[in-house]
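Step one of this worksheet: look at the structure below.
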Amino acid sequence: MKTLYVLAYIFSILLLPEYPTLASSPLRIWYNNPAGIWEETLPLGNGRIGAMPDGGIFEENIILNDITLWAGSFQDADNPEAARYLPQIRQLLLEGKNSEAQDLVYRTFVCKGRGSGFGNGANVPYGCYQMLGTLRITSPGSLRSIDSANLRYQRQLSLEDAIASCSYHLNGIDYSREYFTSFADDLIVIRLKATQKGALNLSLSLNRPERFTIETASDELRMYGNLNDGYGKKGTRYNARLKIKLSGGFSVVNGQSLQIKQADEVLLFIAAGTDYKNPSFEKQIDQHLQRVYNQPYHKLKADHIRQYKQLFDRVNLQIEGTARNDLPTDQRLIAFAGKPDDNGLVALYFQYGRYLLISSCRPGLLPPNLQGLWANSIQTPWNGDYHLNINAQMNLWPAEVTNLPELHLPLIELTKGLAGPGSRTAETFYKAQGWVAHMMTNPWGFTAPGEHPSWGATNTGGGWLCAHLWEHYLFQPDKNYLKEIYPILKGASQFFLDMLIEEPSHGWFVTAPSTSPENAFLMPGSNKAVNICMGPTMDNQIIRELFGNTIMAARLLEIDTSFSRKLEAASARLSPTKIGKHGQLMEWLEDYEEVEPQHRHVSHLYGLHPGNQITPGQTPELAEAARITLDRRGDGGTGWSRAWKINFWARLGDGNRAYKLLTQLLTPSKTAGVRKDIGGTYPNLFCAHPPFQIDGNFGGCAGIAEMLVQSHAGYIELLPALPDRWMSGSIKGLRVRGGAVIDIRWKNKQGTHIKLQATCDNTFRIKIPSYTTKTQVRKIPKQQIYKEPEKWINITLKKGETVQITCISQ
Ligand code: FUC
């Protein structure tokens, strides 16, 4: 058995191509040129460290990242002064004097200190996520002197094996480079090759814009330093080490760089880390380098691929029809904008979302930030932090449904970590028990309101995060896990129980002060734009959901009945979701006119997605109002806003409109010929807010899944929002709530073969599509045949058992 295994392993290594294959794999992003801008470079990552090679011929710059590389440090941002003004602020709101309340909130109800530094937090305690550095590889020559007709340049990222590569032909020699961030050995590996002996002459250097020291040795470069802790002292300590391994040739130190002369082949290993929750990181870097140094390249590569595939290969999407694999990705995007019929691009974009999540997220570490893992500056836009009014959550939308549930854990752990600081914030600002997180957080446990209440006063950030804790349970019910998260849900619920106030016109319980995320309304009478309000719709929906989940968790754990009763009573008094004068869902407690009807946030549709309080089946009027709201909001917006709208339309069962939003999301930005930096997608398929923000990639990926299967309404719905362009295809490996993996095959827009495999013991309710005239159900091992169409099928499965359903329509 062992010999067989070893033989199979050797065989699998032999099968791996020596040179990057630029054949017609559908799951690759590729170009005929080196990257001209950062948004054309290829993102690699193993969940912890990242690299973005640009494939430059004579000068290659590879931006390096580490998910834990954060400036700043703990700060006490809890402002005891704020609580003194709370009664007065509330009184003004109760009297309908929002503008006056807002003036007071702006002056008093803010964090202590500098907050996030208005998005420029690199040198204040809030800190910011930063690039680690740049590895520069130069070689003699100049672009002006090359024979470009003969260059045969290609550059690609293969999603199938998480390997980037480039190759070109110069002066009779074929050069190639392969890059990967090893999932197996936890470091970056780069191989440079040439077809002529001694042809590699390179200079290597490491640098970053600030705060670094370089040390050299004959086969090594080291870069290390400390970031600012925000108080002018030494903050996060980092270290990056580049070690070279040559075949042929030799290396010499030249100042702060390494020169490689006349080598046949060069291997570069870059190990890096920080002391964020890891005092022994330097020892680990050393171990990482030592472990790989004497191993053959093909083994390192095979180990990496095998490890990566364990996650990536769980899902397969095929949509029949056009697939412009023949076009370089930048041109493919442009072609799609002209004629959106490239089903292959949709499948690629979907899998790219999964690829990016696998690459930027690892259990035990921080969740993907605003840029995932990939930042190319010191002061990352918006500090590259965790915005809790949509962005951080959107990043994890694909985790459960696209079969990467373990990658949900970093966000879940981050949430658990907020309960401590969040309880001090709850007490300081609201004199409330429980815990709260407002609109943004960082790895240092920031939970206070932001420094500007127009966006920073939202106080349901923590409540929204709790939905992620609960969803992880729904997708894989497990009592032990539920026990772990219950205190977090309870604490968040406790906060709202204490802080809600009764508004005068209906006696509803509402949050005050608050905002509907980042949006303003026109104050009746004065027509002044005002943000501060009480009881915005999103808050009501999040709190209703949170209370419901907490009650359910307590019931399942058979604990806390009296607390649950309090939650039930309070829940009944929360403001319902209401319909306004345009037939739209009301965003605020009052039916205010909007300042900006096309505003990017659509927070009041939280109940439609990601929540489940609004469904066409159970609340048709609200679903219709949601549709009107979306029409009024329009199909534009920032990258993530378009991505969210895909999910909304999918939940409304409108596949063609969801598809339209997908084409909006794929609008080329900064792409050759369309050089403008607009909302949409960059040449490397990164989402353009603009600037680059990864949430749209993840929201778009989740949206495609949402078009294929839904399970949020208490049952499994097959192909709920197929657009006309996706006539036939198959999806394998998505997950549904209740704990199962589902495969669906469809033809002429009708599901034909369905396979559901349980990942825990449960009963699954499946809605059989209306076009079905005959249904065959085979439970494996036990057979069961339904001849007549059943509208609903309830199947009880034990973990590992499978049911196959064939839907026949005549
Ligand atoms: C929220 C959004 C912005 C941006 C920022 C990072 O503030 O309103 O559009 O996505 O987060």
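Read-outs throughout are calculated quantities, based only on the coordinates presented, and are distinct from any laboratory measurement. Quick caveat: nothing in here was measured; it's all calculated off a predicted structure. Positions of Cβ are backbone-derived with ideal geometry, glycine not excepted, and every protein chain shown enters the neighbour counts.
The alpha carbon convex hull volume per residue for the range 181-230 rounds to 142 Å³. The range 600-632 and the range 690-755 have Cα centres lying 19 Å from one another. The LYS309 and GLU215 beta-carbon pair, evaluated with R₀ = 35 Å, returns a calculated FRET efficiency of approximately 0.40. What the Cβ-Cβ distance of ARG144 and HIS298 gives, at R0 = 51 Å and to the nearest 0.05, is a FRET efficiency of 0.90. Computing FRET efficiency as 1/(1 + (r/R0)^6) for THR763 and HIS582, where r is the C-beta to C-beta distance and R0 is 41 Å, gives about 0.45.
Inter-label distance, ILE559 to ASN527: 5.6 nm, where each label sits 7 Å from its Cα along the C-beta direction.
The alpha-carbon atoms of the range 683-810, seen along their principal axes, cover 54, 34, 22 angstrom, with the largest extent given first.
Pairs of Cα atoms nearer than 8 Å and 6+ residues apart set the relative contact order; for the range 622-731 it is 28 percent. A simple count of charges around GLU594, restricted to other residues whose Cβ falls under 11 Å of its Cβ and scoring Lys, Arg +1 and Asp, Glu -1, yields -2. Rg and Dmax of the chain, based on Cα coordinates, read 27.2, 84 Å. With q set to 0.23 Å⁻¹, the log10 of I(q)/I(0) for the range 444-497, from the Debye formula over equal scatterers at the Cα positions, is -0.92. Per residue, the average separation of C-alpha pairs within less than 8 Å and at least 6 apart gives the chain a relative contact order of 11 percent.
Taking GluC sites (Glu not before Pro) as exposed when DSSP calls them loop and at most 12 other C-beta atoms lie within 10 angstrom, the chain has its longest site-free stretch at 211-557. The simple spin-label model puts a point 7 Å past each Cα toward its Cβ; for THR773 and ASN207 those points are separated by 7.4 nm. Full extension of the chain between ASN120 and LYS234 gives 39.2 nm of extra length, using 0.36 nm per residue less the Cα-Cα distance.
Relative to the dominant Cα principal axis of the chain, helix 620-633 is inclined by about 60°.
On a 0 to 90° scale, report how tilted helix 98-108 is relative to the longest principal axis of the chain, with both axes built from alpha carbons and the result rounded to the nearest 10. Value to nearest ten degrees: 50.
Here the Kirkwood formula puts the hydrodynamic radius of the range 456-559 at 15.0 Å, using every distinct Cα pair. Binning all Cα-Cα separations of the range 490-646 at 5 Å, short to long from zero, yields these whole-percent fractions: 2, 9, 17, 20, 20, 15, 10, 5, 2, 1, 0. For chymotrypsin sites (Phe, Trp or Tyr not before Pro), no site in the range 106-215 is both called loop by DSSP and has at most 12 other Cβ atoms within 10 Å. Other residues with beta-carbon under 12 Å from the beta-carbon of LEU370 carry, at +1 per Lys or Arg and -1 per Asp or Glu, a net charge of -2. Using the rule -39500 (n - 2.57) for each DSSP H run of four or more residues, divided by the residues of the chain, the 222 nm mean residue ellipticity is -10000 deg cm²/dmol. When the trypsin sites (Lys or Arg not before Pro) in the range 192-271 are filtered for DSSP coil states and for at most 12 other beta-carbon atoms within 10 Å of their beta-carbon, the remaining sites are LYS233. Estimated at 0.36 nm per residue, the fully extended path between GLU593 and GLN433 surpasses their Cα-Cα distance by 54.1 nm. Using only alpha carbons, the range 33-148 has a radius of gyration to Kirkwood radius ratio (Rg to Rh) of 1.30.
Rounded to the nearest 10 degrees, the inclination of helix 639-651 to the longest alpha-carbon principal axis of the chain is 60 degrees.
Each Lys or Arg adds one and each Asp or Glu subtracts one; over the other residues with Cβ under 13 Å from the Cβ of GLY655, this totals +1. Loop-only check: which trypsin sites (Lys or Arg not before Pro) in the range 135-187 are DSSP coil with at most 16 other Cβ within 10 angstrom? Listed in order of number, the matching sites are ARG152.
With distances taken between every two different alpha-carbon atoms, the range 346-460 has a Kirkwood hydrodynamic radius of 15.1 Å. Above 13 Å lies some portion of the pair distances; for the range 570-621, what is it as a whole percent of all C-alpha pairs? Taking all Cα-Cα pairs of the range 570-621, the fraction more than 13 Å apart is 65 percent. Less than 13 Å apart at the alpha-carbon level, and either on another chain or at least 8 residues along: which aspartates and glutamates does that give for LYS483? List returned: GLU558, ASP560.
Kirkwood analysis of the range 321-401, using all unique Cα-Cα pairs, places the hydrodynamic radius at 14.7 Å. Under the criterion of Cα pairs below 8 Å and six or more residues apart, the relative contact order for the range 200-264 equals 38 percent. Here LYS261 is the anchor, and the lysines within straight C-alpha reach of less than 28 Å, apart from those fewer than 8 places off in the same chain, are LYS193, LYS197, LYS243, LYS245, LYS299, LYS301.
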